[in-house]
Amino acid sequence: ILGEHLRICPQGYTCCTSEMEENFANKSRSEFEAMMKEAGRSVQTTLTAQHRSFDSYFQDLLNKSEKALYDAFPSMYGELYTQNMKVFKDLYSELRRYYRGSNINLEEALNEFWTRLLERLFKLMNPQYHITDEYLDCMVKHAEQHKPFGEVPRDLKVKATRAFIAARSYAQGFLVGSDVVKKVSQVSLSHECTRAIMKLMYCPHCRGMSSVKPCNNYCLNVVKGCLANQADLNTEWKYLMDSLVIVADRINGPYNVDTVIGTIHMRIAEAISNLQENKDSITAKVFQGCGNPKISTKGSSGEDKKRRGKVTLEAKSSAQALEMLVLDAKGNLTALKTYWITLPSSLCSKKVMASSAADDKCWNGMTKGSYLPEVMGDGLANQINNPEVEVDITKPDMTIRQQIMQLKIMTNRLGNANIGNDVDFQDASDDMSGSGSGDSCPDDVCGKRLSKSPSTRQPETHAIPKQSGHGINGASSRSLPSAFLLLLLVAFIAAQHLWR
């Protein structure tokens, strides 16, 4: 029949009524949105699987260290351990909370552990004296000078903070990436895009050419126009993937979580042994600085327990498992770097089943023949002259712009983690857990910064990385207060509505 009633397809002779054309338009829209979600689910599956693997590995390391401590310490230290069990449990509890994303100052948590442990052990090793809280305060003030636990607290603090900062940023990076893909894949098509997709996929049916495939370049122009905003994720997406790769190298290199997390119990045992071996000299120094405490009326109860036999603590290395985890992650991250700009080609070749670019017997939007217009570039700005889809380049999609901001924030967190800086995770979503080469933070620098006692440094708030030179080492060179960052985002959204 004559096609004068058609509103989307060419108005020559047609097999379609107005109702059929409308049905095809709805069908093409739902099918294309389903294609987008399916492609996104594949990326989400990859990222969440990487998160799950690392999270399981890291939690297992922490659990094994804690179990080794609980198994060995009672026979090693007797009442020195049994009467102070809660101090050790609280430490591991705080470490887990930090990793899962709680807004905890890790340095302060570690300082608090050593302070509480020293107070408890000093009283237990000197039961013949009546030691008041005021006296303990004095003793703690002199602790930095006397180093009752040797170099262990400082060394563990430097290494553990680096490892935990990197681990939780790394873990959260996968979840943020997955969440961005999920939200972006749910963005609905515009009216203009629905018409273009219908013309691409089902207008051949209305012309009696149901077996003719769309020309590849024609398909690319339609899909690039429809996914123009999504393609603008590309730059920040690549920075996130690169940042995760670099932090993965840190985790398996200088901030090695296997070595640091898996030996926490051994370092604590080393510290306690140092205190026991130097008990007399440390006690003398404390008495000299704080005065002699009063003799206890209860007298000595013989609680100065020595070790009950020699117990050797071991750490079962899982370095090979970590190396395999990192290698697998790096391979997947590298493969996903170009996801947003290769998506049109992927959809056209795998889903729409377009013909090759050289085919002159393909559907070109009007009839069976070759497609002559050039293929548009990627992103919103390059669609101004798209011959297939009318795209308003002055109205970027706000959902996608917000996700670009999330990518920037996460990349900045990873940049901080790469150089051993803590970051503020208090704005992490409730459904997100926790969370490189380069010599940006040498041992002597980080050591000095991380060894303040007590720690007063608050975690840094995340900032938007600079637009140029998004190298991971430069990502954290500047930091904006989180309140200002929020204000900036609100202003940006308001401006977009004004543009509309």
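Looking only at region 116-139, how many residues end up being β-branched (Val, Ile, Thr) and surrounded by fewer than 18 Cβ atoms within 10 Å (Cβ to Cβ)?
Filtering region 116-139 for residues β-branched (Val, Ile, Thr) gives 131-132.
This time we only want the ones that are surrounded by fewer than 18 Cβ atoms within 10 Å (Cβ to Cβ), so: 132.
Residues meeting the conditions: 1.
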TODO: Please work out if Asn234 is in contact with a Pro (Cβ under 7 Å, 6 or more places away or on another chain) and of a type outside the set (Phe, Trp, Tyr).
DONE: no
Task: Hits in region 382-422 - residues which are of a type in the set (Asp, Glu) and open to solvent by 60 Å² or more (accessible area, probe 1.4 Å) - done: Glu390, Asp392
- [ ] Please determine, by comparing only the residues of region 296-343 that are open to solvent by less than 50 Å² (accessible area, probe 1.4 Å) and of a type in the set (Ser, Thr, Tyr), which one is modelled with the lowest pLDDT.
- [x] Ser318
TODO: Test each condition in (1) open to solvent by 60 Å² or more (accessible area, probe 1.4 Å); (2) touching a Ser or Thr at 6+ places or on another chain (Cβ under 7 Å) for Ser356 and report the one that comes out false.
DONE: (2)
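This table checks each residue for (1) closer than 30 Å to Leu124 by Cα; (2) open to solvent by less than 50 Å² (accessible area, probe 1.4 Å).
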{"position": "Gln11", "(1), (2)": "no, no"}
{"position": "Asn23", "(1), (2)": "no, no"}
{"position": "Ala39", "(1), (2)": "no, yes"}
{"position": "Gln50", "(1), (2)": "no, yes"}
{"position": "Tyr77", "(1), (2)": "yes, yes"}
{"position": "Arg97", "(1), (2)": "yes, no"}
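Which ones in region 1-29 are among the aromatic types (Phe, Trp, Tyr) and within 13 Å of Met201 (Cβ to Cβ)? Explain how you work it out, then say what you get.
Going residue by residue through region 1-29, those that are among the aromatic types (Phe, Trp, Tyr) are 13, 24.
Of everything in region 1-29, just one residue is among the aromatic types (Phe, Trp, Tyr) and within 13 Å of Met201 (Cβ to Cβ), namely Phe24.
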Task: Number of the exception - Asp378 against (1) of a type in the set (D, E, K, R); (2) at pLDDT 95 or above; (3) touching a Cys at 6+ places or on another chain (Cβ under 7 Å) - done: (3)
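Which residues, counting only those in region 231-242, are in a helix (DSSP H, G or I) and either modelled with pLDDT under 95 or open to solvent by less than 10 Å² (accessible area, probe 1.4 Å) (or both)? Reasoning before the result, please.
Initially, region 231-242 is screened for residues in a helix (DSSP H, G or I), giving 231, 234-242.
Within region 231-242, Glu236, Trp237, Leu240, Met241 meet the criteria.
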Task: Checking Arg401 against (1) under 30 Å from Tyr170 (Cα atoms); (2) of a type in the set (D, E, K, R); (3) assigned to a loop (DSSP other than H, G, I, E, B), the condition it does not meet - done: (3)
Open item on the list: Looking for something over 23 Å from Ser28 (Cα atoms) and of a type in the set (Gly, Ala, Ser) - is there at least one such residue anywhere in region 342-356?
Closed with: no
- [ ] Show the residue pairs that are 6+ apart or on different chains and have beta-carbon atoms under 6 Å apart, the first residue being within region 11-34 and outside any helix (DSSP H, G or I), the second being open to solvent by 80 Å² or more (accessible area, probe 1.4 Å).
- [x] Gln11/Glu4
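Can you go through Thr82, Thr14 and tell me which one is more than 39 Å from the chain's Cα centre (by Cα) and more than 30 Å from Ala231 (Cα to Cα)? Spell out the reasoning first.
Working: Thr82 fails: more than 39 Å from the chain's Cα centre (by Cα).
Criteria check complete, one pass: Thr14.
If you go through region 177-216, how many residues are under 17 Å from the mean Cα position of the chain (by Cα) and either surrounded by fewer than 24 Cβ atoms within 10 Å (Cβ to Cβ) or assigned to a loop (DSSP other than H, G, I, E, B) (or both)?
Looking only at region 177-216, we keep the residues that are under 17 Å from the mean Cα position of the chain (by Cα), and these are 177-183.
In the following step, the residues that additionally are either surrounded by fewer than 24 Cβ atoms within 10 Å (Cβ to Cβ) or assigned to a loop (DSSP other than H, G, I, E, B) (or both) were identified as 178-179, 182-183.
Going through region 177-216 one residue at a time, the tally reaches 4.
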Task: Unmet requirement for Phe164, which otherwise passes all of (1) in contact with a Lys or Arg (Cβ under 9 Å, 6 or more places away or on another chain); (2) surrounded by 23 or more Cβ atoms within 10 Å (Cβ to Cβ); (3) more than 30 Å from Gln230 (Cβ to Cβ) - done: (1)
- [ ] Could you grab me the full set of residues in region 243-261 that are open to solvent by less than 10 Å² (accessible area, probe 1.4 Å) and not in a helix (DSSP H, G or I)?
- [x] Tyr255
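The values are calculated or read from the model by the stated rules, or taken from the named source; none is laboratory data. Values in this document were obtained by computation on a predicted structure and should not be read as measured data. Note that we place each Cβ from the backbone using ideal geometry, even for glycine, and neighbour counts take in every protein chain shown. Accessible surface is based on the protein model in full, side chains and every heavy atom, while ligands, DNA and RNA are left aside. Shrake-Rupley method; radii C 1.70, N 1.55, O 1.52, S 1.80 Å.
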